[in-house]
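Asker: Handing you a structure now.
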């Protein structure tokens, strides 16, 4: 008997995943526990292992396809065994929605008080599959449209007569681009982590009225303090560790920065959870240091190093990049002097950390000395945070970093 390989649910909020790469191909022998494909879920790439011994009989979901949780990916069975040709987008409906049979006819959708009865998941699935849910009959309580109704409607549309040859040719042909291509140009599908980053950043930029303020910080004492601590204690605390610790402390004393907006509601966050942007080859991911204000410098340093290393080796769990209430993006190591970071929703702010630079400074007596300065760029949601409020937070960070002992006290 053939076994179905389905899209796993790797987190409570996961609704779908993207097939990134098939490690095994049709006809390959597989063993239980062996990796057969890779999927991307909300910027996290995970490996899917076979639960059975056998042969990969048929791949249903192709690379680049978005598949709902429990959606069919492939079949594994005995060599030569015949399997069905179920569509990849077919998913198991939640238990509450699976009770009623799908009606054969599809009259107009039920309306209550001018509103069509449809579950949020069904509505999202309809948008993804291009189904007009206003023409779908609901099988849920009181005629509510549920996900399996949308999936059935999509199947019915697929079963309708269509010029197969033309459809196959269109699928095989590369997607046209509005840009004029030149010799050597390569067209690559926007998929996986790059696609998620693109969608998140576009959504953030379109929805949030942002302001970015830049503050110059004299880090001369901090750089000397860091060097002494590292030498005396035999540790390797980075400048970023001190930035994280100072920011956590400033946030603890400026809780009005820890807010989110949800429609007409403001959510006041109780925890200082700092998202730390980590650059990867094909995008970026933001693992979260939970309750950073309760950590010592050493604990923050260890947590930051561990999360960054596991982010780059794809070993983070989904929960480790969820729940941020503030974010930090450090481009100082690349020599960036100032930039406008994009807010990582649903946070209301993100701190951009820039390069340390040597500058000549004249004191009140006319003496010229070399000092070290760094700029921070704070981007915030102006719906929730005003300019003066943001400035007080930035100055709190500046004061801590210009008096490094205060960071540790």
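Asker: So if each residue of separation counts as 0.36 nm, and I subtract the Cα-Cα distance between residue 388 and residue 340, what length gain in nm does that give?
Answerer: 15.5 nm
Asker: Follow-up. Going by average Cβ neighbours within 10 Å, how do the peptides 333-342, 180-189 rank, with the highest at the top?
Answerer: 333-342, 180-189
Asker: Also: Round to a whole angstrom and tell me the spacing of the C-alpha centers of segment 317-392 and segment 1-38.
Answerer: One Cα centre to the other: 41 Å.
Asker: In segment 245-285, whose amide N lies under 15 Å from the spot 7 Å out along Cα-to-Cβ of residue 203? List them in ranges.
Answerer: 261-263
Asker: For 274, 208, 267, what ranking results if the residue with the fewest other Cβ atoms within 10 Å of its Cβ goes first?
Answerer: Exposure proxy ranking, most exposed first: 267, 208, 274.
Asker: Taking 1 over the mean of 1/r across every pair of different Cα atoms in segment 194-408, what Kirkwood radius in Å do you get?
Answerer: By the Kirkwood definition, the hydrodynamic radius is 17.9 Å.
Asker: Can I ask one more? Would you work out the relative contact order for the chain, in percent, from Cα pairs under 8 angstrom that are 6 or more residues apart?
Answerer: Relative contact order of the chain: 13 percent.
Asker: With a Förster radius of 41 Å, plug the Cβ-Cβ distance of residue 232 and residue 313 into 1/(1 + (r/R0)^6) and report the FRET value to the nearest 0.05.
Answerer: Rounded to the nearest 0.05, the efficiency is 0.80.
Asker: Pick from 270, 390, 157 the residue whose mean-square fluctuation is largest in a GNM of the chain, springs joining Cα atoms under 10 Å.
Answerer: It is 157.
Asker: To continue, here is another question. Arranged by the count of other C-beta atoms within 10 angstrom, fewest first, what order do 150, 217 take?
Answerer: 217, 150
Asker: Follow-up. Please report the orientation-averaged projected area of segment 332-381, defined via the convex hull of its C-alpha atoms, in nm².
Answerer: 4.5 nm²
Asker: Most mobile of 251, 151, 179 per a Gaussian network model of the chain (Cα springs, under 10 Å)?
Answerer: 179
Asker: Compute the acute angle (0 to 90°) between the alpha-carbon long axis of helix 220-233 and the principal axis of greatest extent of the alpha-carbon atoms of the chain; round to the nearest 10°.
Answerer: For helix 220-233, the angle is close to 80 degrees.
Asker: Treat each spin label as a single point 7 Å out from the Cα along the C-beta direction, and report the residue 185 to residue 49 distance in nm.
Answerer: With each label point 7 Å from Cα toward Cβ, the separation is 4.5 nm.
Asker: Which order results if 18, 313 are arranged by neighbouring Cβ count within 10 Å, fewest first?
Answerer: By the 10 Å Cβ count, ascending: 313, 18.
Asker: Does anyone have the angle between helix 192-207 and the longest principal axis of the chain? Alpha-carbon axes, 0 to 90°, nearest 10?
Answerer: In the chain, helix 192-207 runs at an angle near 70 degrees to the longest axis.
Asker: Helix 147-159 versus the longest principal axis of the chain: what is the Cα-based angle in degrees, 0 to 90, to the nearest 10?
Answerer: Compared with the principal axis, the helix lies near 60 degrees.
Asker: In addition: Please list, by residue number, everything in segment 276-310 whose backbone N is under 20 Å from a paramagnetic label point 7 Å out along Cα→Cβ of residue 177.
Answerer: Taking a point 7 Å out along Cα→Cβ of residue 177, the residues of segment 276-310 whose backbone N falls under 20 Å are 282-283.
Asker: Report, in deg cm²/dmol and to the nearest 500, the calculated mean residue ellipticity at 222 nm for the chain, where each DSSP H run with n ≥ 4 adds -39500 (n - 2.57) and the sum is divided by the residue count.
Answerer: Rounded to the nearest 500, it is -8500 deg cm²/dmol.
Laboratory data are not the source of any read-out in this text; all were calculated from the coordinates shown. Predicted model, so just to flag it, every value in this text is computed and none were measured. Using ideal geometry, Cβ is built from the backbone for each residue, glycine included, and neighbour counts are taken over all protein chains shown.
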